[in-house]
Amino acid sequence: MKKIIFALIAFFTLSILGGCGYNTMQAKEEAVLAAWGDVEATYQRRADLIPNLVEVVKGYAKHEADTLKAVTEARAKVGSVQMGKDVVNNPQALNAFQQAQGQLSSALSRLMVVVEKYPDLKANQNFMDLQNQLEGTENRINVARTRYNRAVQDFNTSIRTFPNSLTNSLLLHLSRKEPFKAEEGAKQAPKVKF
């Protein structure tokens, strides 16, 4: 009889420990950090691509120096923002990062207007190739942000649901992660003027 009781206690103890979510929450936090790494990688790709784009465009669009200067300055500002895995735990740092990226996106939008305004620029194959790469990079950034937000949602849900919430409050003390949010004024469509 003692063996049966001991076996039942052991079974229930293992069941409780196996269902406490400790390992699950650790895995989900790692997924958030990996997703953040993907976001950083796509932004880095864009930062590496822009100097090449600017150099090609400079040769064909000297009359649009202000636009190119804005792209260069925005890219420099993006480079000055500290990126790292600690950004996901710091809403202010994440906001600063998003603002710098938003300024760069705005400058790049103006650059694309130059392309539409001066069709002879579009004829240059190098510029078109770089433009396609930039467009692909922007799409990758969007995909990486979406994946990051999904990982954050999954992680935040896991630390707030029972029994994981109990395990988290007693053992891990993990905090919610901040998702990417729309930039201020993103609800209004940009106005393009020629």
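The values are calculated or read from the model by the stated rules, or taken from the named source; none is laboratory data. Note that this is a predicted model, so its numbers are computed, not measured. For neighbour counting, all protein chains shown are included, and Cβ atoms are generated from backbone atoms with ideal geometry for every residue, glycine included. Side chains included, ligands, DNA and RNA excluded: accessible areas come from the protein's heavy atoms. Shrake-Rupley method; radii C 1.70, N 1.55, O 1.52, S 1.80 Å.
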Report every pair of residues separated by at least 6 positions or lying on different chains whose Cβ atoms are under 7 Å apart, first residue within region 87-103 and over 21 Å from LEU174 (Cα atoms), second open to solvent by 10 Å² or more (accessible area, probe 1.4 Å) and assigned to a loop (DSSP other than H, G, I, E, B). ALA96/VAL81; PHE97/VAL81; PHE97/MET83; GLN98/PHE180; GLN98/GLU183; ALA100/VAL81; GLY102/GLU183
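Here is a yes/no grid of residues against (1) within 13 Å of the chain's Cα centre (by Cα); (2) open to solvent by less than 70 Å² (accessible area, probe 1.4 Å); (3) at pLDDT 80 or above:
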{"residue": "LEU104", "(1), (2), (3)": "no, yes, no"}
{"residue": "ASP120", "(1), (2), (3)": "no, no, no"}
{"residue": "ALA123", "(1), (2), (3)": "no, no, no"}
{"residue": "MET128", "(1), (2), (3)": "no, yes, no"}
{"residue": "ASN132", "(1), (2), (3)": "no, no, yes"}
{"residue": "ARG140", "(1), (2), (3)": "yes, no, yes"}
{"residue": "PHE162", "(1), (2), (3)": "no, no, yes"}
{"residue": "LYS177", "(1), (2), (3)": "yes, yes, yes"}
{"residue": "LYS193", "(1), (2), (3)": "no, no, no"}
If I ask for residues that are within 10 Å of the chain's Cα centre (by Cα), open to solvent by 10 Å² or more (accessible area, probe 1.4 Å) and in contact (Cβ under 8 Å) with a residue 40 or more places away in the chain, which ones from region 145-157 would you list? ARG145, ARG147
Can you work out which of the residues in region 11-44 that are open to solvent by 30 Å² or more (accessible area, probe 1.4 Å) and in contact with a Lys or Arg (Cβ under 7 Å, 6 or more places away or on another chain) is modelled with the highest pLDDT? LEU33
LYS77: passes all of (1) over 27 Å from ASN139 (Cα atoms); (2) at pLDDT below 75; (3) open to solvent by 60 Å² or more (accessible area, probe 1.4 Å) but (1)
